[in-house]
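The values are calculated or read from the model by the stated rules, or taken from the named source; none is laboratory data. For clarity, every value in this text was computed on a predicted model and none was experimentally measured. Virtual Cβ from ideal backbone geometry, glycine too; neighbours counted across all protein chains shown.
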Amino acid sequence: MSPPAPVPLLVRDATLPDGRRGMQLLVEGGRIRALAPQLPEPAGAEVLDAQGWLLSPPFVDAHFHMDSVLSHGLPRVNVSGTLLEGIALWGELKPLLTEEAIAERALAYCDWAVARGLLAIRSHVDICDPRLLAVRALLEVKRRVAPYLQLQLVAFPQDGLLRSPAALANLVRALDLGVDVVGGIPHFERTMAEGAESVRLLCELAAERGLPVDMHCDESDDPLSRHVETLAFHTQRLGLQGRVTGSHLTSMHSMDSYYVSKLLPLMAEAGLQVVANPLINITLQGRHDSYPKRRGMTRVPELLAAGVNVAFGHDCVLDPWYSFGSACMLEVASMGLHVAQMTGSQAQRQCFDAVTTNAARVLGLEGYGLDVGCRADFVLLQAHSPEEALRLRAQRLAVVSGGVLVSRMAPAIAELALPGRPGHVDFTRQAAG
Ligand code: FE2
């Protein structure tokens, strides 16, 4: 017997990201059926009073590693905090992993994600272990969370497609098991030539199978790491425009600007999508520098200005590479905003889009948004605008997935005991006028 259909849900008095206030939104059958300043309340409907707070489409994480999440300290901590020690540490941890432990940690993280209004995640999964433990565990997690969270998996050859002997065969097996996207790591291959060859092989594999591509690409401070050019070339050659994502692209931070002026239009022509990972880029790049230390994040404002879709990813939470994080995509966007100096009013909004609409485009999500007919997935934020949500990493007051209220959180309010001052503060400021 299938579960009973959820009752209609009426959201009252919501502010929308485009600034409309006092809006009502009706949800039926898991979809948004109506959106207007006034709507009749259907009989038996559940009512969510937004009290003027911001109703946003859910957060989307365009780049994550669910197989290593919450493994911090296993079997030891990353002493140097560097990318290379992180990769070595992951190599030490891999033989100790079990399918059950990976699934348990991933499910715990998905709980955090839901509570944070993060309802779609693209996760890379390492396929270099011939047992494919992580692949099997995350396919099971994907099935279990599907009623409330969309999890997309990328077959990721962490140890190198050509550098790791069975990686290509394992990657094909992972795709056969149902992994959604072809991954890669060309800058980690032994030579530039092998890196370029890995891009060709992986793009051809994706074209044959009709799958998207999302590669860790040029995650390096080396200005001559130019695999993104090869990725754009094969994307166009194979007609994969719009289906290919370059993740990290940190070498672009250090590239010669004349070369970048040629690269940007090439990427735009190829319909390449880009994911920057601000928290990880700012902590892992520039490690060989004395001073000045490079920030390492790719050229986000310039890519956006060239017409390239750019999203931000969390990349890691409590794992060999990063011992922080709590599934908060507003923290990710806020870091991106600071690192890229995107403090202008339009740029602030672009940073909010990078963890919502732009990230949804990277994942190719169907029915994403707050328009009539879209999936009834949204988050109510204790903020009056996207900019305020970024400033406060706003509390997620309510989260709705598929028309069902799946999480509630009390407002963040401090009770004050100061003579002649208000009794409480919540850190928000209603916009003037
Ligand atoms: Fe990554």
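Assorted remarks:
- Some residue of the range 265-274 being assigned to a loop (DSSP other than H, G, I, E, B) and either under 16 Å from A340 (Cβ atoms) or within 15 Å of the ligand (Cβ to nearest atom) (or both): no
- Strands (runs of 3 or more DSSP E) (entirely within the range 1-89) containing at least 2 residues that are out of contact with any Leu (no Cβ under 8 Å at 6 or more places or on another chain): 31-36, 59-65
- Scanning the range 240-258 turns up one or more residues that are modelled with pLDDT of 95 or more, assigned by TED's automatic domain parsing to the domain that holds P186 and among the basic types (K, R).
- First in the range 247-264 and among the hydrophobic types (A, V, I, L, M, F, W, C), second anywhere and in a loop (DSSP other than H, G, I, E, B), Cβ under 6 Å, 6 or more apart: L249/D218; L249/T298; M252/T298; M252/R299; M255/P223; L264/A306
- Residues of the range 177-221 that turn out to be more than 13 Å from the ligand (Cβ to nearest atom), assigned to a loop (DSSP other than H, G, I, E, B) and within 15 Å of A155 (Cβ to Cβ), as a count: 6
- Filtered residues of the range 222-236 (kept if away from the ligand (no atom under 16 Å from the Cβ), within 28 Å of W321 (Cα to Cα) and not hydrophobic (A, V, I, L, M, F, W, C)): D222, P223, R226, E229, T230
- Residues within the range 113-134 that are more than 16 Å from the ligand (Cβ to nearest atom) and either touching a strand residue (DSSP E or B) at 6+ places or on another chain (Cβ under 7 Å) or not assigned by TED's automatic domain parsing to the domain that holds D67 (or both), tallied: 8
- One residue from D176, D129, D180, D159 being touching a residue at least 60 places away in the same chain (Cβ under 8 Å) and of a type in the set (D, E, K, R): D159
- Residue check, A327 within 16 Å of the ligand (Cβ to nearest atom) and out of contact with any Asp or Glu (no Cβ under 9 Å at 6 or more places or on another chain): no
- Leading residue by the ranking (nearest to the chain's Cα centre (by Cα)) among those in the range 116-131 that are assigned to a strand (DSSP E or B) and not aliphatic (A, V, I, L, M): R122
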